Amino acid sequence: MLTQFLLIPSALAAAALGVIVLFGLIASVDSRSPEECLREIEQRTGRDRWQAAHALAQAIASRKGPTAEDGRLAERMVSLYREFGRRAGADDPASPEFQVRRYLAIALGRLGHPAAREPLADSASEGPAELRIAAILALGALGDPGAVSDLASLLTDRDGEVRKAAVYAIGVLAKPGDGGAETALRGALGDAREDVAWNAALALARRGDAAGVPVLGRILDRAHLGTIEMTDAQRREALLNALRAVKHLSAGALRERIAGLSRDDPDGQVRQAASEALAALASGGLAVGEGRG
C-alpha cells in the first residue's frame with residue numbers, strides 16, 4: 001500500500017522495463033519451480049544461467065505465501081549469491097555473473113527470509129550502482145524493520161540514485177513508532193536532490209508525519225515542477241502522489257495551493273485528486289494506513 005505514495009527510482013524503472021521487454025512473454029508461460037531454477041543456475045552457463053535466475057525471481061513472486069522449505073531455499077540462494085560475487089566478472093554489468101547476482105538479489109527480497117539481510121546489506125554498501133540499488137530495494141522488500149539501520153547509513157552516499165533507492169526502501173519498511181525510520185526520513189528532507197527529498201516527504205506523510213509539508217508544497221507547485229527536467233507524465237504522477245499523501249495530514253498550510261489545483265490545473269486527473277484531497281482535509285484527514293487514494 002505504501003509504495004503508491006512514493007516515486008520509483010529511475011534506475012529501478014529502467015531495469016523493470018528491460019525485464020518486461022526481454023522476458024514478458026517467457027514469464028507468462030514459465031512453469032519452473034524455484035528448485036528447478038536453482039539447479040539450472042548451478043548447472044548451466046552464460047545467458048541460460050541468468051535467465052534461470054530471472055525465472056527464480058518470477059517463480060517466488062508467483063507463490064501464494066511462505067512455505068516450510070523457505071529456510072533451505074534461502075540458504076541455497078544466499079550461498080549462490082555469495083559464490084557469484086567471488087567470480088570473475090561479478091562487478092561487470094555486462095557479464096552473466098553480474099546479472100545472476102542482480103536477479104538473485106531480487107529473488108531474495110521476494111522470498112522475504114531473514115537470512116538474506118546480511119548479504120544484501122553488504123551488496124548495498126559497495127560495488128556497481130545497479131547491483132547496489134537492486135540489493136537496497138530487495139532489503140525493502142524483505143519486510144524486516146531491522147534493515148532500516150542498514151539503509152539509513154546509505155542516506156549520505158555520494159550516489160544520488162543510491163540515496164533515492166534507500167529512502168524509498170526505508171519508506172516501505174517504516175512502521176508507526178519506528179523512531180529510527182522517522183529520524184532517517186526527516187534527515188532526507190534536506191537532501192540536495194529533489195527526488196530524494198520528495199520520497200522522504202511522501203513516506204512521512206503516509207505515516208501521518210507533517211515534517212515534510214514544505215517539501216510537499218514544492219511538489220504541488222506547478223511553476224516549480226516546470227523548472228525540473230521531467231516529462232509531463234512524470235509531473236502528473238508527482239502531483240498525484242503528493243495529493244494522495246496530504247490526505248493523511250492536517251496540512252492547512254497547503255489548502256490554498258490544493259484548492260488552486262482543483263480549480264485551475266490543466267490536467268483533469270490532478271483536478272480530481274486535488275478535490276478529493278480537499279475533502280479529506282476538511283474531514284480531518286485519513287487515519288494512518290487508511291484508504292488507497
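The values are calculated or read from the model by the stated rules, or taken from the named source; none is laboratory data. Here the structure is a predicted model, which means the values were calculated and not measured. All Cβ positions, even for glycine, are placed from backbone atoms using ideal geometry, and neighbour counts span all protein chains on display.
Here are some notes:
- Matching entry among A238, A197 (being free of Cβ contacts under 8 Å to residues at least 40 places away in the same chain and not assigned by TED's automatic domain parsing to the domain that holds L154): A197
- Among helices (runs of 4 or more DSSP H) entirely within the range 183-239, having at least 3 residues that are among the hydrophobic types (A, V, I, L, M, F, W, C) singles out 194-206, 213-219.
- Members of the range 173-182 that are in a helix (DSSP H, G or I) and crowded, with 19+ Cβ neighbours inside 10 Å: L173, A181, E182
- All positions within the range 148-201 that are under 17 Å from L120 (Cβ atoms) and among the hydroxyl-bearing types (S, T, Y): S149, S153, Y168
- Any hit, the range 261-279, residues being over 25 Å from P145 (Cβ atoms), in contact (Cβ under 8 Å) with a residue 12 or more places away in the chain and within 19 Å of the chain's Cα centre (by Cα): no
- Going through (1) at pLDDT below 95; (2) among the β-branched types (V, I, T); (3) over 17 Å from the mean Cα position of the chain (by Cα) one by one, V78 falls short only on (1).
- Elements of the type helices (runs of 4 or more DSSP H) sitting completely within the range 87-163 and holding at least 3 residues that are modelled with pLDDT under 95, touching a His at 6+ places or on another chain (Cβ under 8 Å) and within 23 Å of C37 (Cα to Cα): there are none.
- Scanning the range 100-131 for residues that are within 13 Å of E161 (Cα to Cα) and buried (at least 24 other Cβ atoms within 10 Å of the Cβ) turns up just one, A124.
- For Y168, the conditions (1) exposed (fewer than 15 other Cβ atoms within 10 Å of the Cβ); (2) among the hydroxyl-bearing types (S, T, Y); (3) in a helix (DSSP H, G or I) all hold with the exception of (1).
- Taking the conditions (1) surrounded by 13 or more Cβ atoms within 10 Å (Cβ to Cβ); (2) over 20 Å from A121 (Cα atoms); (3) at pLDDT below 90 in turn, A13 satisfies each one other than (1).
- Pairs where the first residue, in the range 39-50, is in the same structural domain as R76 (by TED's automatic domain parsing) and the second is not in a helix (DSSP H, G or I), C-beta under 8 Å, 6+ apart: E40/R32
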